[in-house]
Amino acid sequence: MATLRDQQGPSFFDALAQDLRYGGRMLRRAPGFTIAAVLTLALGVGTNTAIFSIVDTVLLRPLPFKDPDRLVAVGDRNPDGSTSNVGYLTFADWRDRSRSFASLALMRSWQPTLVAQGEAERLRAVRVSWTYFDMMGVRPQLGRLFTAADDRPDGWRVVLLSDALWRRRFSADPAVVDRTIVMNDREYRIIGVLPPTFEPLDSAKFYTRPEIWAPLGYDATTKDACRGCRHLHAFGRLAPGVGRDKAEAELNTIREQQRIGYPNDYDESSVAVVGLQDAITGDVRLPLQVLLAAVGFVLLIACANVANLLIARSLVRRRELALRCVLGAGRRRIVRQLLTESAMLTAGGAALGIVLAVFAVRTVGQLAPLSLPRLDQASIDGRVLTYTVLVSIASALIFGIGPAFRAGRTDPQQALAADTRTGTGGSSAARSALVVLDLALALVLLAGGGLMLRSVAHMMRADPGFDPSRVLSLQFSLVGKAYAEDEAVVTFQQAFLERARHLPGVESVALAGQIPFGANFDCRGFHAQGRMNANTAEDPCVQTYGTSADYLRVMKIPLLAGRYFDGRDTRTSAPVLVISQATARQVWGDANPIGSQVRIGSAQDGPWRTVVGVVGDTHHSDVTAPAGTALYLPETQFTDSFLVAVVKSATNDPSTLAAPVRSILRDLDPSVPVYSVAPLDTLVTDARSQQVFVMQVLSGFAALAVLLAAIGLYGVVSYTVAQRTRELGIRIALGAQRADLLRLVLSKGAALVVLGLISGLLAAFISTQYLETLVFGISPGDPLTFGTAAVLLCVVALVSHLVPIRRALAVDPTVALREQ
């Protein structure tokens with residue numbers, strides 16, 4: 001048996017063990033090479049693992065519901081293809097006439113205030129139709145879900161708790177079911193607790209993650225159930241065998257029937273049916289795809305650098321490999337040995353990369369905007385580790401297979417006869433090509449990072465239409481029996497304003513039902529007398545602000561015509577409003593709107609209001625979009641129970657006013673909840689967070705890519721200088737000047753840089769077109785950004801030449817000639 005085994009050679013596993021042992025010895029003998037290769041791979045694999053972890057969590061991982069691919073969002077089609085809100089009666093028609101859905105459900109915002117043990121807390125909450133949880137495939141851990149009997153105008157005072165709220169406010173008491181709690185001065189009965197595994201819908205489009213749910217409680221008689229009251233989010237579960245296209249076609253048929261039957265309630269827009277996962281992640285999909293592509297470039301650069309290192313090392317090992325061939329090692333065995341060493345390097349780089357990825361995920365999570373859903377769940381789990389393994393295998397093949405096969409094709413006789421310090425033309429060309437690839441990819445990332453940097457700079461300088469500096473925003477709500485009448489709400493407002501004005505450090509103060517960048521919206525129909533469309537559903541929807549008299553002055557929104565609100569605008573005086581310039585232009589064109597009559601909301605009901613002023617435009621949530629329309633109503637005539645205080649500070653730090661303002665509200669009524677306290681300029685900055693996030697991460701990757709490219713260029717130039725040491729010595733001995741040597745050394749690197757710049761600029765121009773929706777104030781092919789990126793890369797390339805240049809200029813011709 002032993003003789004037969006000797007004839008057949010070692011088994012695969014024995015040969016593999018030999019290769020691993022030998023590879024380990026070779027890597028230990030070259031610690032500099034090993035450390036450089038492992039660190040380079042760790043950076044490439046680690047950044048890819050970190051970003052993929054976030055992309056997988058946010059974009060790829062299925063929603064944790066039953067058959068999530070059949071869940072959809074439904075609504076009128078927005079210009080970007082997403083869904084908008086719907087009215088209850090519109091939804092009721094879909095529910096009754098459609099056959100494409102196994103179930104349909106609705107959701108709306110809700111702002112209950114729980115008062116317990118003298119402490120008022122506003123809870124994150126929504127109201128949903130009774131079919132919602134069954135549609136999602138959710139079962140409670142305690143109690144029961146909503147039923148049709150709960151989902152009526154007279155029966156919706158029951159609630160479901162999240163597991164977190166149950167533990168935080170009710171000490172995880174299993175007897176909580178059927179307990180009565182008081183919110184907004186009304187009694188609600190707890191009927192169940194949802195399981196800890198239930199993941200509420202969480203995105204900028206579907207409200208923040210709720211912790212308590214109540215039934216919707218609508219029917220056809222409910223005031224807010226009108227067809228034009230589009231404040232509800234609609235969701236559905238497709239019936240078995242029904243695709244989104246078929247469901248969309250059916251709903252559009254129903255929509256056309258609705259438009260014919262109710263021409264004043266529907267325009268000619270269409271219905272969109274969008275996969276629920278896409279509906280939640282639509283706004284963040286492109287930024288994450290851009291970052292995933294960026295780390296892919298970083299990994300390619302890392303692989304190119306390691307391939308360069310392997311090529312250089314194979315030249316050093318030519319004689320060793322040739323001698324092994326002469327002693328009987330086949331070329332396949334040589335190739336396998338080198339691939340084994342590449343795999344060992346990859347394993348080390350991947351292990352270190354995973355450690356780096358753990359910290360990178362935390363860092364990126366801190367930089368990421370709050371609009372990234374499920375970001376808190378990002379981790380290095382089994383799915384991510386599988387991706388890391390696949391990336392590592394691909395990396396090993398990318399950087400290892402070329403040098404291995406090149407070494408396997410080496411002629412042993414030529415290798416043994418050649419000088420160990422003499423390179424080969426083919427190896428030099430391969431290394432140069434890899435450096436060109438490094439430089440081109442680095443330039444792509446530099447251009448992308450530069451575009452985002454300039455875009456964010458433009459955004460920071462963009463005028464939102466008001467002055468957010470030194471302004472503290474603070475939200476509170478006046479709900480319950482004590483504030484059931486508008487007069488009580490107005491009395492509280494006036495008392496608060498009077499006391500807040502006299503606080504030390506307060507320059508001015510005002511109230512509003514909503515503020516720009518406050519994550520609250522109130523869009524209402526705007527119907528100007530004599531200028532309404534034949535179909536009033538096509539009249540504009542305008543952002544509506546109910547404000548105290550000083551609001552426009554505190555926010556420094558300029559008056560362009562007419563007047564601001566003042567003391568003459570009381571509850572008993574003629575109803576008035578102030579409009580923005582964009583609203584005046586859209587409805588009246590060049591005509592003067594002052595004195596015109598307008599109805600808000602319904603075109604048929606409500607008082608006619610007189611336009612008394614025109615003010616400047618403001619951006620409501622996005623400075624990169626054109627300023628939207630807006631109208632302002634005095635709080636005395638348009639009372640809102642959910643209010644935002646805007647307090648102008650006399651100092652540069654408005655946050656110091658938070659405690660005294662809270663104290664005033666507590667003194668006036670301890671049951672009034674206070675929440676969302678933040679400087680107004682912070683809210684404006686947060687609205688830019690998506691672009692800032694992409695800029696920060698992309699710029700970091702660009703810096704890393706440039707560093708790796710510079711190391712690669714340094715390696716090639718340094719190696720070239722080392723190979724030409726004797727030639728340089730002879731040139732010096734024959735009278736060559738320093739300028740001649742400098743030109744000789746720079747010529748090699750300059751050719752590589754030029755090729756890298758040309759190919760990189762072309763690739764960058766193509767790649768950055770995908771950033772079009774993310775940039776602001778510049779074009780994706782901005783010449784200044786591209787030129788700056790190219791110049792920066794040239795500077796880095798020049799710096800990478802410094803050490804080789806000093807080495808070349810320091811060559812001693814006597815030593816060089818003696819070596820000859």
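The values are calculated or read from the model by the stated rules, or taken from the named source; none is laboratory data. In this text, all values refer to a predicted model and were calculated from it rather than measured experimentally. Positions of Cβ are backbone-derived with ideal geometry, glycine not excepted, and every protein chain shown enters the neighbour counts. The area values use the complete protein model at the heavy-atom level, side chains included, leaving out ligands, DNA and RNA. Shrake-Rupley method; radii C 1.70, N 1.55, O 1.52, S 1.80 Å.
If you scan the stretch 230-244, which residues turn out to be surrounded by fewer than 20 Cβ atoms within 10 Å (Cβ to Cβ) and in contact (Cβ under 8 Å) with a residue 12 or more places away in the chain?
The initial filter retains those residues of the stretch 230-244 that are surrounded by fewer than 20 Cβ atoms within 10 Å (Cβ to Cβ), namely 230-231, 239-244.
Within the stretch 230-244, R230, H231, A239, P240, V242, R244 meet the criteria.
The residues of the stretch 338-357 that are open to solvent by less than 50 Å² (accessible area, probe 1.4 Å) and within 17 Å of L704 (Cβ to Cβ), listed by number, are G349, G353, A357.
Checking the stated criteria, T346 turns out not to satisfy the condition of being at pLDDT 80 or above, farther than 18 Å from I398 by Cα and of a type outside the set (A, V, I, L, M, F, W, C).
Against the condition open to solvent by less than 40 Å² (accessible area, probe 1.4 Å) and over 36 Å from the mean Cα position of the chain (by Cα), how does Y218 come out, does it pass? Against the criterion (open to solvent by less than 40 Å² (accessible area, probe 1.4 Å) and over 36 Å from the mean Cα position of the chain (by Cα)), Y218 does not qualify.
Only one of the numbered conditions (1) of a type in the set (A, V, I, L, M); (2) open to solvent by 40 Å² or more (accessible area, probe 1.4 Å); (3) assigned to a loop (DSSP other than H, G, I, E, B); (4) in contact (Cβ under 8 Å) with a residue 60 or more places away in the chain is not met by V115, and that is (3).
Filtered by the rule that a residue be polar (S, T, N, Q), farther than 27 Å from R285 by Cα and crowded, with 18+ Cβ neighbours inside 10 Å, the stretch 15-65 gives T34, T40. Residues considered: A234, A164, A175. Of these, the only one that is among the small types (G, A, S) and over 28 Å from A519 (Cα atoms) is A175.
Among what's in the stretch 637-650 and is polar (S, T, N, Q) and modelled with pLDDT of 90 or more, pick the residue that is farthest from the chain's Cα centre (by Cα). Steps first, answer last, please.
In the first step, residues of the stretch 637-650 are kept if they are polar (S, T, N, Q); the result is 637, 639, 641, 649.
Right, trim to modelled with pLDDT of 90 or more and you get 637, 649.
Numbers: Q637: 40, S649: 32 Å.
Here the answer is Q637.
Evaluation of I191 against the conditions (1) in contact with a Gly (Cβ under 8 Å, 6 or more places away or on another chain); (2) crowded, with 20+ Cβ neighbours inside 10 Å; (3) part of a loop (DSSP other than H, G, I, E, B) shows that the sole unmet condition is (3). The residue that is least open to solvent (accessible area, probe 1.4 Å), counting only those in the stretch 258-277 that are without any contact (Cβ under 8 Å) to a residue 60 or more places away in the chain and out of contact with any Asp or Glu (no Cβ under 8 Å at 6 or more places or on another chain), is G261.
Scanning the stretch 664-683 for residues that are closer than 21 Å to L114 by Cβ and either open to solvent by less than 10 Å² (accessible area, probe 1.4 Å) or of a type in the set (G, A, S) (or both) turns up L665, S671, P673, S676. Within the stretch 711-725, residues that are outside any helix (DSSP H, G or I) reach partners that are at pLDDT below 70 with beta carbons closer than 9 Å, at six or more positions or on different chains, in the pairs R724/V745; R724/A808.
Taking the stretch 547-593 as the range and being over 28 Å from T491 (Cα atoms) and of a type in the set (D, E) as the test, only D590 passes.
Just a yes or no: is a residue in the stretch 700-710 at pLDDT below 80 and within 30 Å of Y770 (Cβ to Cβ)? For the stretch 700-710, residues at pLDDT below 80 and within 30 Å of Y770 (Cβ to Cβ): absent. Scanning for something open to solvent by 30 Å² or more (accessible area, probe 1.4 Å), of a type outside the set (A, V, I, L, M, F, W, C) and in a helix (DSSP H, G or I), does the stretch 571-582 turn up at least one residue? Looking through the stretch 571-582, at least one residue is open to solvent by 30 Å² or more (accessible area, probe 1.4 Å), of a type outside the set (A, V, I, L, M, F, W, C) and in a helix (DSSP H, G or I). Got at least one residue in the stretch 123-133 being charged (D, E, K, R) and within 23 Å of H231 (Cβ to Cβ)? There is at least one residue in the stretch 123-133 that is charged (D, E, K, R) and within 23 Å of H231 (Cβ to Cβ).
Scanning the stretch 123-161 for residues that are part of a loop (DSSP other than H, G, I, E, B), of a type in the set (G, A, S) and open to solvent by 30 Å² or more (accessible area, probe 1.4 Å) returns G137, A148, A149.
Of the residues R662, R568, which is farther than 30 Å from D283 by Cβ, in contact with a Leu (Cβ under 8 Å, 6 or more places away or on another chain), at pLDDT below 95 and not aliphatic (A, V, I, L, M)? Before the answer, list the steps.
Working: R568 fails: in contact with a Leu (Cβ under 8 Å, 6 or more places away or on another chain).
Matching residue, one of R662, R568: R662.
Counting the residues of the stretch 372-396 that are within 30 Å of R688 (Cα to Cα), open to solvent by 40 Å² or more (accessible area, probe 1.4 Å) and of a type outside the set (V, I, T) gives 3. Within the stretch 137-155, is there a residue that is small (G, A, S) and in contact with an Asp or Glu (Cβ under 7 Å, 6 or more places away or on another chain)? There is no residue in the stretch 137-155 that is small (G, A, S) and in contact with an Asp or Glu (Cβ under 7 Å, 6 or more places away or on another chain). Taking every residue in the stretch 123-150 that is closer than 24 Å to R70 by Cα and pairing it with any residue that is open to solvent by 50 Å² or more (accessible area, probe 1.4 Å) and of a type in the set (V, I, T), at least 6 positions away or on another chain, the pairs with Cβ-Cβ distances below 7 Å are W130/T147. Counting only helices (runs of 4 or more DSSP H) that sit completely within the stretch 1-106, those holding 1 or more residues that are at pLDDT 90 or above correspond to 31-55, 88-97.
Scoring G787 on the criteria (1) open to solvent by less than 50 Å² (accessible area, probe 1.4 Å); (2) at pLDDT 90 or above; (3) more than 30 Å from R688 (Cβ to Cβ) leaves a single failure, condition (3).
Among all residue pairs at least 6 apart or on different chains, which show Cβ distances below 6 Å where the first residue, located in the stretch 770-799, is without any contact (Cβ under 8 Å) to a residue 24 or more places away in the chain and the second is open to solvent by less than 20 Å² (accessible area, probe 1.4 Å) and not in a helix (DSSP H, G or I)? Correct list of pairs: E772/P780. Would you say R227 is over 30 Å from I181 (Cα atoms), open to solvent by 10 Å² or more (accessible area, probe 1.4 Å), of a type outside the set (V, I, T) and at pLDDT below 90? So R227 passes the test.
Inside the stretch 605-625, residues that are surrounded by fewer than 19 Cβ atoms within 10 Å (Cβ to Cβ) and either acidic (D, E) or out of contact with any helix residue (DSSP H, G or I) (no Cβ under 8 Å at 6 or more places or on another chain) (or both) make up a count of 8. Screening P540 against (1) within 21 Å of N592 (Cα to Cα); (2) at pLDDT 90 or above leaves a single unmet condition, (2). In summary, D686 fulfils each of the numbered conditions (1) crowded, with 17+ Cβ neighbours inside 10 Å; (2) in contact (Cβ under 8 Å) with a residue 40 or more places away in the chain; (3) farther than 16 Å from S548 by Cβ with the single exception of condition (1). When we screen A120, A164 for residues that are over 25 Å from T222 (Cα atoms), open to solvent by 30 Å² or more (accessible area, probe 1.4 Å) and not in a loop (DSSP other than H, G, I, E, B), the only hit is A164.
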